[in-house]
1. How long is the gain from Asp192 to Lys230 if the chain were fully straight, where each residue apart is worth 0.36 nm and the alpha carbon distance is subtracted?
2. Which value, in nm² and rounded to one decimal, describes the direction-averaged projected area of the C-alpha convex hull of the chain?
3. May I ask which residue of Pro35, Met388, Ser217 lies farthest towards the positive end of the charge dipole of the chain, with charges of +1 (Lys, Arg) and -1 (Asp, Glu) on Cβ and the Cα centre as origin?
4. Picking from Val410, Val515, Tyr494, whose Cα lies most toward the positive end of the charge dipole for the chain (charges on Cβ: Lys, Arg +1; Asp, Glu -1)?
5. Which one of Ile263, His335, Gly291 is farthest out on the positive end of the charge dipole of segment 208-344, using unit charges on Cβ (Lys, Arg +1; Asp, Glu -1) and the Cα centre as origin?
6. Accessible area per residue of the chain at 1.4 Å probe, in Å²?
7. Give me the compactness ratio for segment 450-508, meaning the Cα radius of gyration over 2.2 N^0.38 Å.
8. Each residue of segment 36-47 in turn: what ³J(HN,Hα) in whole Hz from Karplus with 6.51, -1.76, 1.60 and θ = phi - 60°, glycine and Pro shown as x?
Amino acid sequence: MIRLIIKLLLQFLVFAIIGIGIPLKAQEIQTYNGPLQIGKYNGKATFSYKLVDNDTVLHGDFLVLRSNLQELLQKQDYSFQFKGAFVDGTANGPWKFQFGEFNSKSQSEVIDYQYRVLVSGIQKSASGKIQMGKPNGKWTILEEQIEDSEISSTLFKSVVSFNDGVPQQNFSINNENYTLIGRFLRDGLAHDEWSLFPTNGMDQSESWYFRDGILQSIRVDDDNDHKTIKAYQDYNGRTKVINLDAGYIKALEIQLSQVDVDILHHNSLPELLKQNAARYQEVDNILSELGKSEFLPEFKVKVPYYPLDSLDMLKVDSLVSYYKKATELSESILHNSQLNILKLSDANTAYQYNTVLYLKESYLKPIQEIVSYDSLGILEYTSRQQLMNHVFPTGMPKSEIDIEMQIDSVMSSKLYSIPTTSLTDPSNSNIENLQAIAKMGYDGILAIADEVKETLAQEKRQNELANLEEEIILQNDSLVTFIEINKDSIPLKYANALKQIKSFASTTLNDYSKVKSAQNRLTAARSTVTCLKNLNELSVTVSKMATYKSTIEDSYTDRIWNPFMATLMDEDIKKRITAAYTKILEPYFLEQIEQSLTCENTTNLDEQINATYHTVIMLKDKDTKKLERKLKKEKDPTVILEMLNVQNTKQ
């Protein structure tokens with residue numbers, strides 16, 4: 001009994017150990033040494049990891065680097081080194097990122113029995129601590145110019161302190177031209193004065209004044225003057241916290257006059273923030289490739305908040321749709337090469353072109369700003385009236401427009417009324433009026449697009465007609481020339497057929513000249529060209545008919561020995577076939593040409609003549625006794641053509 005209990009206890013311990021050992025093995029830390037690609041960076045890596053559900057999770061020290069001395073000596077080398085640590089796939093602890101692009105003049109020096117290669121180029125770096133994917137403590141980002149392995153200048157430097165990813169206290173950012181100094185509250189909101197100083201002391205300086213994240217004013221100073229721009233003077237007191245980024249700057253511009261916007265465009269404070277964000281983004285991209293990351297710093301500000309309800313959002317979506325369709329139509333019209341040529345000499349085309357140009361400038365261009373604001377997600381950061389005043393500073397456009405044209409230095413104008421049921425109304429909301437303006441622009445351009453289609457179609461028809469009429473003359477001249485050259489060198493009956501073809505061609509030209517309707521004239525020109533081409537082909541066939549006849553006669557003549565006269569004599573064979581061709585079919589063809597020729601039967605008649613000739617030639621070497629018996633009494637050419645298996649296509 002005791003032994004049995006001991007045995008069961010041993011089995012239990014074994015199973016327990018095995019059961020514990022399996023998950024422990026799955027969590028075992030392993031090490032990798034070898035190549036690794038992180039986005040565009042491809043280098044040699046050493047790192048620790050563990051397998052979790054068959055996924056590689058970085059855990060422990062991490063290092064990846066790349067440099068190539070041979071490439072450096074030959075042309076240029078890019079190098080990088082990323083060093084830090086992970087905890088369960090999330091960056092944690094001290095980290096350093098280095099990026100370099102260097103070249104060498106192949107100069108070197110010996111230091112402590114080692115060769116040292118002197119390099120020049122750009123060295124970038126970012127270093128600091130990360131707390132579970134977020135920057136924590138002081139982070140320094142540098143971009144330095146290296147000359148012969150020495151730092152010659154600092155191109156960019158950013159020093160920002162963080163607490164769990166939130167920027168804190170004072171910060172500084174500087175490039176070759178400017179230095180920006182500012183500070184944040186504990187919640188990461190911009191606060192107090194943010195000052196921008198020129199490095200050389202010559203350019204303008206500026207200061208942005210924040211109070212609890214809300215921008216109060218901007219002061220711009222230079223040697224001669226200073227300008228103060230008031231921000232968010234009229235707002236309802238409701239605010240929203242957002243990132244200080246390009247969208248924020250755009251939203252700020254909506255609040256300002258055009259003069260102030262122009263001043264804002266010349267400042268460098270947003271540009272420095274943009275440069276700083278790009279460098280943090282580069283680090284975040286690398287960390288995101290490797291595991292979890294929330295590295296991007298969030299410089300927070302407050303903006304006035306005017307939320308859109310669900311109906312307003314639907315109207316904005318409709319506005320965007322109208323804008324995109326109208327823009328596509330307008331671009332297809334304004335960049336049409338044929339239309340651009342026509343407008344120089346045709347007043348109606350110039351009217352169509354200039355109307356689209358006006359609609360694009362007065363309707364689509366302001367709406368484009370709304371579409372841009374929507375894509376940036378900043379429509380809610382300005383009052384609707386400020387938005388309308390910003391995009392339509394001189395008032396909303398009218399539905400009736402006076403369009404000016406200039407042809408050969410002569411000015412004229414024509415009224416254009418947009419065919420639309422969507423009109424602005426003072427009683428409507430501003431969003432409704434913006435949607436209406438987008439719809440008016442689309443309706444106006446769509447109507448012109450339909451007119452342009454007809455203009456281009458008409459121009460195409462006119463060009464086609466001109467080409468067809470030129471072809472008519474060429475085909476007729478070719479026919480007349482051919483007949484004149486050949487009529488005296490062939491037997492009279494064939495010459496008469498050619499004369500009839502010439503006469504019929506002349507009648508066809510005369511009939512075409514009497515067509516006056518533009519649309520009917522194009523149709524008539526097409527058929528006339530086809531008819532003359534067919535007459536040219538028929539005239540060539542008629543000129544060969546004498547040769548056809550003699551070839552058939554020669555083919556059906558055999559040299560036979562006559563024992564009574566002791567000589568070789570010519571003897572006609574299969575006389576009924578040759579007689580059917582020479583006495584019935586050929587006269588029938590010539591009669592058709594002289595008495596029944598039409599544009600519709602010309603091709604068929606030409607094909608009949610050639611097909612009959614080739615069929616008769618082929619029958620010479622075939623058994624035709626049955627056919628000859630049928631031909632004995634047959635005189636109808638259409639029946640004979642059927643016997644010869646030649647399609648009778650007389651019309």
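The values are calculated or read from the model by the stated rules, or taken from the named source; none is laboratory data. No experiment lies behind these values; they were computed from the predicted model shown. Virtual Cβ from ideal backbone geometry, glycine too; neighbours counted across all protein chains shown. Accessible surface is based on the protein model in full, side chains and every heavy atom, while ligands, DNA and RNA are left aside. Shrake-Rupley method; radii C 1.70, N 1.55, O 1.52, S 1.80 Å.
1. Taking 0.36 nm per residue and subtracting the Cα distance, the gain is 12.2 nm.
2. Directional mean of the projected Cα hull area for the chain stands at 73.1 nm².
3. So the residue we want is Pro35.
4. Sorting the options by dipole projection puts first Tyr494.
5. Toward the positive end, the furthest listed residue is His335.
6. Counting only protein heavy atoms, the per-residue value for the chain is 55 Å².
7. It is 1.76.
8. Each residue's phi maps through the Karplus curve to give 8, 10, 10, x, 8, 9, 10, x, 9, 10, 9, 7 Hz.
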